[in-house]
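The block underneath contains the structure these notes are about, expressed in structure tokens.
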């Protein structure tokens, strides 16, 4: 099943193998990926493997990271989505957008669409955002999405703050 989400300025679609090319501008950017557990992709082959992992997640679970496309330009600007992460049972909300698209509200817009889809359409009871404590921009996005700080933990050997939002029935 191919789920596409649309917002006023963006559309979010499942990834394809060809998306490794435009996503290289995100995943290959060392500064942009500084807060991600595995860091940036040093090679294009690493970005291809990451794209393949995103596709596999969709095939296995029926959801995952969407490719974020700016509606006005039809350009891929990053990813945003819901996915399982290692050693956690909750579904994680994550995103990364090209630096050229920052400070436009796109992270909040895309993340809100993914979060609402997960809670209201998929019926997930809880969605979390696992964030490096130093990543103040992502912490602000989580707070703007009405996620609350749930706990602090050491995840995969690194300190993380976990924000959470639950489905209220």
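We did not get these values from a lab; they are worked out from the coordinates using the rules stated. Just so it is clear, the model here is predicted, and its values are computed rather than measured. Here the Cβ positions follow ideal geometry from the backbone for every residue, glycine too, while neighbour counts run over all protein chains shown.
Remarks
- Pairwise centroid distance, computed over Cα atoms, of the range 80-135 with the range 13-32, Å: 17
- Sorted by Cβ density within 10 Å, fewest first, the residues 72, 101: 72, 101
- Within the chain, helix-based [θ] at 222 nm, where runs of 4 or more DSSP H residues each add -39,500 (n - 2.57), nearest 500: -8500 deg cm²/dmol
- Cα gyration tensor category, rounded, prolate or oblate, for the range 95-154 with a/c compared to 1.5: oblate
- Distance (nanometres) between label positions extended 7 Å along Cα→Cβ at residue 86 and residue 159: 2.2
- Taking other C-beta atoms within 10 angstrom as a stand-in for reagent exposure, 70, 86, 109 fall in the order 86, 109, 70, fewest first.
- Matching label, semi-axes √(5λ) of the Cα gyration tensor in Å computed from the structure shown, candidates (i) 41, 17, 15; (ii) 25, 18, 16; (iii) 22, 19, 16: (iii)
- When each of 65, 132, 8 is scored by the number of other beta-carbon atoms lying within 10 Å, the sequence from fewest to most is 8, 132, 65.
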